[in-house]
Amino acid sequence: MQSSEPSSSPIFLNIGGKHYATTVETLTQREPNSMLAAMFSGRHTLPRHPDTGMVFVDRDGKHFRHILNWLRDGAVPAMSESECQQLLREAEYYQLLGLADCINEILGWKKDENLLEAELTRKDVIKCIQAPKVRFRGVNLSGLDLSKLDLSEVDFSYACIKNANFCSAYLRKAKFRRTEATCSSVQSANLHECELIGANLEGSVLDKANLQSANLQDACLKDCSFIETDLHSAHLQGANLMGANLSGANLEGANLKGAKLAGTNLEGANLQRAYLREVDLRETHLTGAKLGGANLLGACR
């Protein structure tokens, strides 16, 4: 069906299961070079639901209301750092360059504040890790780029590492007990057998990281991204995974007893032989998840 409606005609959208109503004018005027503007420019044929006429977009619909409000009013609401990071990912997907610039400016202010407080530089850290036993307990390393470094067995317990970059770092058996690590980047890092008990990683990105046998008991993992992350035999008892994205993650043999999974995306995840006792799965997305041999005694489904 060709999208050739008048600019004031209502458009009905299904964004990852959440329904929105708007107009062609809203979707095309403020950001005319965006993906949304292109979709509804009238140049493209859009598949629609045969009964409702809705256009489906396979994205998380949680923040799309902020996308629409930006397109309507040009304003970004007051949000936490983790929510800003999530909204930025959506803005980049929809190619909303104005919104992305605005969010990056907000995050830049926050990052600059953290960088001013950092007690060490990347160079200082590299010098320190040459010693036989390294501890950064309670040290502020917020905003530092520690990507690709060998930080195995380093003790970061009680440190502040908000907005830090650990991408592709080697962190086997490192300790992050009670660490403040919100909005950090940990993609493709090796955290095999790491200790993250009670750590706060809210809004962090850990896609494709190796967290085999890691201890994340009682950790705050709200709104984290664990896409295709290896959590085989990980300890997640009592962890807060509300709103986290674990699509395609490997959780085989993981212990999730008492974990909070409201709004958690486990689509396509491997949960075979996972321990899911006393877990409420009623608001968890489990499409395509493998649950063979999982212990679901006392779980709510």
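Using every pair of alpha-carbon atoms in the chain, split the distances into 20 Å bins beginning at 0 and state the percent of pairs per bin, rounded to integers.
Each 20 Å bin holds this share of Cα pairs: 32, 50, 17, 0.
Counting each pair of different Cα atoms once, what's the Kirkwood radius of segment 44-107 in Å, rounded to one decimal?
12.9
Please express the shape of segment 84-185 as an equivalent ellipsoid: the semi-axes are the square roots of 5 times the eigenvalues of the C-alpha gyration tensor, given largest first in whole angstrom.
Here the semi-axes work out to 29, 14, 12 Å.
Using only alpha carbon positions, build the gyration tensor of segment 6-156, then give the equivalent ellipsoid semi-axes as the square roots of 5 times its eigenvalues, largest first, whole angstrom.
44, 16, 12
With n ≥ 4 as the cut-off for DSSP H runs, can you work out [θ] at 222 nm for the chain, using -39500 (n - 2.57) per run divided by the number of residues, rounded to the nearest 500?
-6000 deg cm²/dmol
Each residue of segment 79-93 in turn: what ³J(HN,Hα) in whole Hz from Karplus with 6.51, -1.76, 1.60 and θ = phi - 60°, glycine and Pro shown as x?
9, 6, 4, 5, 5, 4, 4, 5, 5, 4, 4, 5, 4, 5, 5
What does segment 173-280 give for Rg and for Dmax, in Å, if only its C-alpha atoms count?
When restricted to the Cα atoms of segment 173-280, Rg and Dmax are 11.7, 31 Å.
Taking the Cα atoms only, what angle lies between the long axis of helix 97-117 and the longest principal axis of the chain, rounded to 10 degrees?
The angle comes out near 20 degrees.
Hey, could you pull the Cα Rg and Dmax for segment 188-249, both in Å?
Rg, Dmax (Cα atoms, Å): 9.9, 25.
Dipole size in debye (nearest 20) for the chain around its Cα centre, Lys and Arg Cβ +1, Asp and Glu Cβ -1?
680
Between rounded, prolate and oblate, where does segment 129-196 land on the alpha carbon gyration tensor, with a ≥ b ≥ c its root eigenvalues, rounded for a/c under 1.5, else prolate if a/b exceeds b/c?
It comes out rounded by the Cα gyration axes.
Report, to the nearest 10°, how far helix 64-73 tilts away from the longest principal axis of the Cα atoms in the chain, using its own Cα long axis and a range of 0 to 90°.
On a 0 to 90 degree scale, this one is about 60.
Roughly what % antiparallel, to the nearest 5, for the DSSP beta bridges in the chain?
Here the antiparallel bridges make up roughly 20 percent for the chain.
Can you list, bin by bin at 10 Å, the percent of alpha carbon pairs in segment 227-292, starting at 0?
27, 66, 7
Between Leu261, Ser157, Asn295, whose Cα lies farthest towards the positive end of the dipole of the chain when Lys and Arg beta carbons carry +1 and Asp and Glu beta carbons carry -1, centred on the Cα centre?
Asn295
A 28 angstrom limit on the alpha carbon distance is what I want to check against. Which of Lys18/Lys148; Lys62/Lys290; Lys18/Lys175; Lys133/Lys257; Lys127/Lys173; Lys162/Lys290 exceed it?
Violating the 28 Å Cα-Cα cut-off are Lys18/Lys148; Lys18/Lys175; Lys133/Lys257; Lys162/Lys290.
Here, each number is a calculation from the coordinates, and none is a lab measurement. Computed from a prediction, not measured in an experiment: that's the story for all the values here. No Cβ is skipped: glycine too gets one built from the backbone with ideal geometry, and neighbour counts run over all protein chains shown.
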